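Chemist: Okay, here's the structure, questions in a sec.
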Amino acid sequence: LARIREHSIKGQPVPDSLFQEAETAFKRTATIFPDGHRVRVELGRLYAIWPGHAAEAEAAFRDAVAVATKRPRRARAAGAAISYARAAGNQELLRWAIEQQVEATPDDLEAWSSLADLEERREKGSGEAVYKRLLESKPDDIAAHLRYAGFLFGQKREQEAYAHLTAQADAGVGAPLALDQVVAFQLRSNELEAAHATYERWIRAQGGDPD
């Protein structure tokens with residue numbers, strides 16, 4: 001790869017022979033290490049800069065994820081696939097790779113949000129289905145509920161966002177955080193009286209006296 005980078009830095013065309021040499025070396029190493037995700041990621045990156053090899057790049061990144069049996073390795077391989085898919089504008093690969101990342105690191109709420117945003121852009125209403133999956137797996141995680149409420153608020157469904165967080169507060173799931181976010185949303189919507197009332201409830205949730 002060093003010689004390929006050297007040509008690129010100098011602005012010189014990279015001969016196919018250099019790509020072929022690197023490809024052969026990576027494939028040989030991948031054969032020696034059948035569960036080696038890193039070499040497959042590097043092979044994917046090679047194909048990514050080799051003109052006319054987009055299909056091979058996608059296959060290499062998918063293979064890297066497939067051979068990574070341990071969750072941390074799978075997450076890293078999926079992250080590399082996500083980076084490539086975004087750069088290449090490959091939405092199908094991006095969707096698949098983010099799903100893999102969610103499975104590998106179910107506590108990564110950013111991955112869940114990325115998947116929900118992608119699905120919502122693909123088909124209206126699909127993003128909410130992703131959040132429903134998240135909340136089914138983490139019913140007592142206030143951070144997950146805050147993400148979902150943020151999604152609702154961003155969809156101009158303000159009252160649903162308030163109601164969802166208020167319901168969590170009523171159920172004893174992160175009441176101060178839930179109510180604090182409701183106040184923030186209401187202020188952003190210029191609902192000042194409602195925000196004041198929620199703020200008073202927020203104080204009571206922390207054992208204070210609003211008077």
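The values are calculated or read from the model by the stated rules, or taken from the named source; none is laboratory data. Please read these numbers as outputs of a predicted model, since none were measured by experiment. All Cβ positions, glycine included, derive from the backbone under ideal geometry; neighbour counts span all protein chains shown. Keep in mind that these areas ignore ligands, DNA and RNA; they rest on the heavy atoms of the full protein, side chains included. Shrake-Rupley method; radii C 1.70, N 1.55, O 1.52, S 1.80 Å.
Chemist: Treat every Asp and Glu Cβ in the range 1-62 as -1 and every Lys and Arg Cβ as +1, leave all other atoms uncharged, and give the resulting dipole magnitude about the Cα centre to the nearest 20 debye.
Modeler: Charge dipole, the range 1-62, about its Cα centre: 160 debye, nearest 20.
Chemist: When Lys and Arg each count +1 and Asp and Glu each count -1, what net charge do the other residues less than 13 Å away from Gly127, Cβ to Cβ, add up to?
Modeler: Residues close to Gly127 contribute a combined charge of +3.
Chemist: Just name one of Ala161, Gln206, Ile4: the one whose Cα is farthest towards the positive end of the charge dipole of the chain (beta-carbon charges, Lys/Arg +1, Asp/Glu -1).
Modeler: Among Ala161, Gln206, Ile4, the one farthest towards the positive end of the dipole of the chain is Ile4.
Chemist: Ranked by accessible surface with a 1.4 Å probe, highest first, in what order do Lys10, Lys156, Lys27 come?
Modeler: Lys156, Lys10, Lys27
Chemist: 222 nm [θ] for the chain, helices only, -39500 (n - 2.57) per DSSP H run of 4+, per residue, to 500?
Modeler: -25000 deg cm²/dmol
Chemist: For Thr24, Thr69, what's the largest-to-smallest order of accessible area, 1.4 Å probe?
Modeler: The residues order as Thr69, Thr24, largest area first.
Chemist: Still on this structure, I have one more. If I compute semi-axes √(5λ) of the Cα gyration tensor in Å from the structure I just sent, which labelled value in [x] 29, 26, 13; [y] 47, 18, 14; [z] 35, 20, 17 lines up?
Modeler: Answer label, from the structure shown: [y].
Chemist: Using the Cβ atoms and a cut-off under 15 Å, what net charge is assigned to the surroundings of Ala175, where Lys and Arg are +1 and Asp and Glu are -1?
Modeler: -3
Chemist: With a 1.4 Å probe and all protein chains in place, put Trp202, Trp112 in order of accessible area, largest first.
Modeler: Trp202, Trp112
Chemist: For the pair Ala194 and Glu21, how long in nm is the line joining their label points, each one 7 Å along Cα→Cβ?
Modeler: 6.7 nm
Chemist: Still on this structure: State to the nearest 20 debye the size of the charge dipole of the range 81-211 about its Cα centre, where the only charges are +1 on K and R beta carbons and -1 on D and E beta carbons.
Modeler: 400 debye
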